[in-house]
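A quick write-up on the structure given underneath.
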Amino acid sequence: MCMSSDCALCFLVAGWYKGYLVRNKDRQVRQHLDRDQEVVLSAEMPLVKEVTTTLREWGSIWKQLYTNKKKRVVQVQRLMWDLMEWRSQLLSGTLPSDEFKELKQKVTSKIDYGNKILELDLVVRDVNGNMLDPENASVISLFRAHQDATTKINERIKEEQSNVQTGHSVISARIQSSPTHSLYVFVRNFVCRIGEDSELFMSLYDPNKQTIISENYLIRWTSKGFPKDVDMLNNLKVVFTDLGNKDLNRDKIYLICQIVRVGRMELKETGTKKCTLGLRRPFGVAVMDISDIIKGKIECDEEKQYFIPFVPTITEWTLHTIPWTLLSTLAPFLPPGLWVTMKALVGDIVQIRKEYPHLVDRSTVVARKLGFPEIIMPGDIRNDIYLTLWTGDFDKYNKTTQKNMEVIMMVCDEEGKAVPNSICLGAGDRPLNEYRSVIYYQVKQPRWMETFKVAIPLEEMHRSHLRFMFRHRSSQESKDKSEKNFAMAFVHLMKADGTVLQDGLHELVVFKGDSKRMEDVNSYLSQPSTRNQGDVPKGGTLSRSSVGVLSVSSRDSFTVSTLVCSTKLTQNVGLLGLLKWRTRPELLKENLEKLKIIDGEQVVKFLQDTLDALFTIMMEHSQTDDYDILVFDALIYIIGLIADRKFQHFNTVLEAYIKQHFSATLAYKSLMSVLKRYLDVSSRGEQCENYLRTLKALEYIFKFIVRSRMLYSQLYEGKEQKEFEESLRRLFESINQLMRIHFSVSPSFFLPCSFIDMTSFVPISGFMILSHPCACLSPSLPLSLSLSVSLCLSLQVAALKYLPTGETFQHIQDIVASLLRTINRTVITMGREHALISRVVACMTATLSQMDDSHYSCYLETFSGTTDLVDFLMETFLLFKELIGKHVYPSDWMAMIMVQNRVFLRAINTYADTMNLKFLNNNDFEVQLWNNYFHLAVAFITQESLQLQHFSPTKRNKILAKYGDMRRLIGFAIRDMWYKLGGNKICFIPGMVGPILEMTLIPGEELRRATIPIFFDMMQCEHKLSSHFQKFENEIILKLDHEVEGGGGDERYMELLETILLECAVEHPLLRPEVEHFVDLVKGLLVRLLDYRTVMSDDSRNNRMSCTVNLLNFYKDINREGMYIRYLYKLRDLHMAVENYTEAAYTLLLHSRLLKWSEDQCSPQFEVRSCQTQRQQKENLYETIIGYFDKGKMWEEAITLCKELADQYEMEVFEYELLSQSLQQARFYENIMTILRPKPDYFAVGYYGQGYPPFLRNKVFIHRGKEYERREDFQNQLMSQFPSAVRLNITTMPGDDVRLSPLQCILMYTHTIFYKSNYVQRFHYSRPVRKGPVDPSNEFVSMWIERTTFTTVYKLPGILRWFEATDMKHTTISPLENAIETMQSTNDKILTLINQYQADDALPINPLSMLLNGIVDPAVMGGFAKYEKAFFTEEYNLQHPEDRDKLEGLKDLIAWQIPLLGGGISLHGKRVTDDLRPFHERMEECFTHMRKKVEKEYGVRELVRERRKSSRPRSVLRSFRQSVISISSLQGSECGTPTKPYPDR
């Protein structure tokens, strides 16, 4: 059968297709018959699963972030791109092991970082980067893993922030965390036409300090353009290693390449004479700034090539005289140079060879740092001396020009023979017998600055010295052959005291003489070699006194620099005396004491040799204790030195020494003996100088003891085991005795880390040593000492895993009996901000996790009486509740929190069984204990970390798979415990109503069905006692409001509550009516609360106001005054946020109606908390309301309240001072008459369709518009609240097809006619229709009006800007009635404008001009002539005899229009400007004709003018007002606006 590579073999199993891809059997596939989504499973790579799960979780969060956090969106997007790319690489299966390991580290680091910035849970991992399974880890190890992970990710976050601030990328996390670093360099090519062989010296350079920081990497290049060693072609690789964090912290690091050509003196020499060859001449340098690369700020691909430009020497440059600024300017434009690839690597050479075998293999050259690495591991033996030719100054003597100086150096023994292969010019080059320097042409003071390595066998060091020969080199071969060495210098490598040559500069003595004699060691070796040795003449002339056959030249000088990197040779006399103690045993005590004053860097540099020497002394003197104390003191000094932050990296060195190099089998005896002696002295209160140092060194002292004993046991097959156990027991008895004394520093602070090692191999019967050190402490001790209990507890719990399985039961029992209550009380007394609180709680949790049922049973039996047991249980319940309510761990430590919850749950259930057995009967019943239990259990079930509905699907599935739903378990336990209470249940009503309600609101069908019946049981209990359950009802209403607003409950809960309670009531007919009433009450409340909660997160403030009003009305109806007032103030706050001052005032007015003008005390309410009596509270409310009415321009209402206040001050309390302050009516009256208040428009809006919430669905509302708010603006604002709504373009009410549709439809009536601006409750919407034949010349005859009258539930304005229209009536208006309304409206407009212009002289004249001209000039509007033609005819009278009164009314309105127009035109004439005077005269002319005609046809009407004492006349057009029939507004309920006691304005 032929199959493609994409084919899959599948098998049908239980509705699922299962199988694998043919091309990749590890990629398993599952697909269900009814599903389209493929589920891909990886059988080999959990990391791929983790990446996939992470991407899915991040993806959903990323979409949510998109709306408001653009920067975070981009950041998360980049993280996801990286993970997707790396996931592809992981799935490819083609990565080498080292690259896979590196990629795995990058992936896990990226996941952890992303989880942190997205506030997801912390993922704890093992050393291999795999997720740590809490099931397979102890609580203590899990806690430490969380600590380590948190520390790492916090450092990463800080680094990210630092990199962002400095503009760097974010790649150097791993580099910063490692103490050792390396730089991999691959030289691809060197492009430069030299014409001669050359030497390329590559090294790392610090330009600020002008020092080379690494060995040279030497490449010998031929004149033909390829390496001299052809085998090295395409393999010129070097690793610069041993770099530390101090090196990475340098400001700048350069990679430099010095080029030295080997050939003639001058390249352009073309003479006929034969030239000298083989001369080393400086040629140029190539430089690149690699600071960002080596620091990890730029991630380098090993395939990316860098070009390093080459700059030739223009003059006789040296490294210190290179113009770096010029170099960086010219370099980019010069074509010659090097092509290299680079990569920053983490670790030393051993580590990187393991992790990067494709880059670094055995053939890769290693260039070490000039100096020691920050960590010198045991076994890293090094004996290198780095020599730098610094400078020289040579006189030309009898020559006319300066000499071309060449320095020839070799290593000679005491007989003058050259030590072969002892000089290395650079890494990668073969060793040489002699070194020849670079030649500078005719330079008096050459600065060579050439560094090379001298490597001599250790045993030859004391016999060797360095000899320097100086020679002039000529460019012509014939002359050069005649040149001989004219001077020499030398230096000893070892001093007479046995120390090696000191680091630094050495000015050597230059000797002159015969060239042959200068090679004879007898002529110079006994003489001083440096000028600082004191007996060298410093005159300005050549000394005539001969030294043998050589003379000392004072006119010549020569300086070299040395750096010794040796783990065997020291420059410190005291340390040398200790290391070579056998040579002078009489000085051993003195040398041991001197160790404490030796520089710490020297000690750690020779750490292995020093420790070897100390333990050798101890071993060779094991029969006596003469040196035990001195060696012990020296040992704790070294351990304390390594504990110093400066040398903290050497902790790993000490660990490695103990495990791999320590071999003192008898050391444990002396160490235990001296340690016990020190502890006994301290416990007796005597002065012990090294007490604190000893305690701090306990960890490593015990490790030395353990390792020594293990080596002894292996060598002698367990010999002296009993003696060792007895010594160990006595040692811990001394520790126990010491801990009974209140020292400022307790040994238990240092025990946990040190003692763990002992338990791994010492079977201690009865676990005595583990329990005794802590049993003596009590919770009455200072907190610092009580904390030692927790530290020892950490020790004990962690030590259990080292003991045989069968022996742990009694050990755990001993721990629990002696320490559990102590540690509980320690946690209780510690502050939650204490640095060690999380560790102590982890210890307590670890102890509880080790206990089984037998341990609990045994421990609870240890209490002497019931009182003590009750105290313990209550302490524990309160402690658990506090720890659950406020976790001591960060919120992202989900694994640690869940493990703690699981342990606590088991403990709670176990203690509950004890309560059932001992404290359930009436005689032994403990109300407070049971109350604490129920509150703890409810706190446990409602804690945030268990609310799975709030978590992402990924997190929810992880928790369910690992821990299950613990809420279900504790919920059933609460139910069972409740039903066991029997007659004691009444003790917990109503106290437990709120907690039980909180529990039943948790989503979960099974849990709700199990716990809701508890409510009915509570009803029965209270009803049985008092014939009602009013307390229960009050409590549940109070708590339900709080819980639902906080997010609890849903419609399904409402359904279950109703169903279950009614089902329970079926069997209790006497209780059933009350239960049904209660269910209706709670259901109505839940509907409103759920609506309120839904809209509180909505952008629509109107919806929030509507739901708030629904709730406050509900609470008023059921007489819950406190809740009613609470929501009144919430509504007030909503109004104030949008400056609805009028509505805010009416809202507070409702609160004021609940108060009386009395001195009765009242409960403090919200912002009037300082009030003591109802009168004071009401006064404060009135002052606030008056201010709101003032801002809302409702001065009439403000005046009413001012009058009420004034009456109280004047007639009731006689506070005349307050009366004078409260009299603001005058200003309000002035505002009424002078300030223009535009009439608001009213809009009818219908919300049709099932897509709306219940409080809007298929209802019509009348909205009160704002000042100057246009219909278009109102419509746009309304549609923005419901962006998915469809606007209906119809003028009739929609049918059921719209009402029952799932859509959101809005019907907004374009014109709402109203009779008054304020205090209105009835509104008209008119729609013109045509009936009968249409007269083109007079449309009024056939224009009928279909009018819909809306009646709102409350008057407007009120506590909302809108109210629901509860009543709608449809009427038809005849053309005549329409004409009457139109004329009446026109007359009202004229009257209003006249009054406004009389009150305010500053108003512009244009509105009045337009209105008057439109009426009096028939050419503009047609006037009332159309009405006369349509209705005042004989034909109309005959056809409509019933309209006779209406016709008379229309004529009366026409007649009344004349005096109104007259008044308006008169006022217009007084205000008109000269420019508009012709317009006014035309208007007067038209009015004269109109008045003449109207008065003739309909009679004369006159306005009555009334004079007041005011300085300004006020027209009171009473005659006209009395003739106008206004429609009074309907009376409203109390929740609306109070009935107005004065005429409408």
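The values are calculated or read from the model by the stated rules, or taken from the named source; none is laboratory data. All of these numbers come straight from a predicted model, not from anything done at the bench. Counting neighbours? That spans all protein chains shown, and the Cβs are built from the backbone with ideal geometry, glycine included. Surface accessibility is based on the protein's heavy atoms, side chains included, excluding ligands, DNA and RNA. Shrake-Rupley method; radii C 1.70, N 1.55, O 1.52, S 1.80 Å.
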Notebook entry, point to check: So how exposed is Glu155, as accessible area in Å² (1.4 Å probe, rounded to 10)?
Noted result: 100
Next item on the list: Give the long-range amide H neighbours of Val509: residues separated by 5 or more places, or on another chain, with amide H under 5 Å away, using H modelled in the peptide plane at 1.01 Å from N.
Entry: Phe490, Thr530, Arg531
Notebook entry, point to check: Roughly how many Å is it from the Cα centre of region 842-908 to that of region 621-640, as a whole number?
Noted result: 46
Notebook entry, point to check: Counting only protein heavy atoms, what percent of the accessible surface of region 971-1042 is carbon or sulfur at a 1.4 Å probe?
Noted result: 54
Notebook entry, point to check: At a probe size of 1.4 Å, how large is the accessible area of Asp348, to the nearest 10 Å²?
Noted result: 50
Notebook entry, point to check: region 1341-1410 to region 699-722: how many Å between their Cα centroids?
Noted result: 107
Next item on the list: Over region 977-1072, average the accessible area per residue using a 1.4 Å probe and give it in Å², no decimals.
Entry: 43
Next item on the list: Starting with the highest mean, order 441-448, 420-427, 934-941 by the number of other Cβ atoms within 10 Å, averaged over the residues of each peptide.
Entry: 934-941, 420-427, 441-448
Next item on the list: Would you mind checking Lys101/Lys297; Lys659/Lys962; Lys209/Lys417; Lys116/Lys237; Lys605/Lys696; Lys343/Lys703 for any pair whose Cα atoms are more than 30 angstrom apart?
Entry: Lys659/Lys962; Lys209/Lys417; Lys116/Lys237; Lys343/Lys703
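When only Cα pairs under 8 Å and 6 or more residues apart are kept, what is the percent relative contact order across region 968-1091?
Numbers: 104 pairs, mean separation 32.1, N = 124.
Normalised by residue count, the contact order of region 968-1091 is 26 percent.
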Checklist line | DSSP-assigned coil residues among GluC sites (Glu not before Pro) in region 690-741, each with at most 12 further Cβ atoms within 10 Å | finding: Glu717
Next item on the list: Would you be so kind as to identify which of Met1054, Tyr1124, Ser1106 lies farthest towards the positive end of the dipole of region 1045-1157, taking Lys and Arg as +1 and Asp and Glu as -1 on Cβ and the Cα centre as origin?
Entry: Tyr1124
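First compute the accessible area of region 1338-1383 with a 1.4 Å probe, then give the percent of it belonging to carbon and sulfur atoms. Before the final figure, lay out each step's value.
Working: 870 of 1630 Å².
Heavy-atom surface of region 1338-1383 belonging to carbon and sulfur, 1.4 Å probe: 53 percent.
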Margin query: Before I look further, what does region 871-916 give for accessible area per residue, probe 1.4 Å, in whole square angstrom?
Written below: 30
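Tell me whether region 892-975 comes out rounded, prolate or oblate; compute the Cα gyration tensor, take square roots of the eigenvalues as a ≥ b ≥ c, and use a/c under 1.5 as the rounded threshold.
prolate
Could you order the peptides 474-485, 1387-1398 from most to least packed, using the average number of other C-beta atoms within 10 Å per residue?
1387-1398, 474-485
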Check: Using a ≥ b ≥ c from the Cα gyration tensor of region 620-713 (square roots of the eigenvalues), is it rounded, prolate or oblate, where a/c under 1.5 gives rounded and otherwise the larger of a/b and b/c decides, a/b for prolate?
Finding: oblate
Item checked: Heavy-atom accessible area order for Cys565, Cys275, largest first, 1.4 Å probe -> Cys275, Cys565
Check: So what does Lys1203 come to for accessible area, using a 1.4 Å probe and Å² rounded to 10?
Finding: 110
Checklist line | Part-to-part distance (alpha-carbon centres) for region 334-408 and region 216-290, which is given in Å | finding: 12
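How would Leu860, Leu1403 line up by accessible area, probe 1.4 Å, largest first?
On the way: Leu860 15, Leu1403 40 Å².
Accessible-area ranking of Leu860, Leu1403, largest first: Leu1403, Leu860.
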Check: For region 133-147, what does the Karplus curve 6.51 cos²θ - 1.76 cosθ + 1.60, with θ = phi - 60°, yield as ³J(HN,Hα) per residue in whole Hz, taken in order and with x for Gly and Pro?
Finding: 8, x, 5, 9, 10, 6, 4, 5, 5, 5, 5, 5, 5, 5, 4
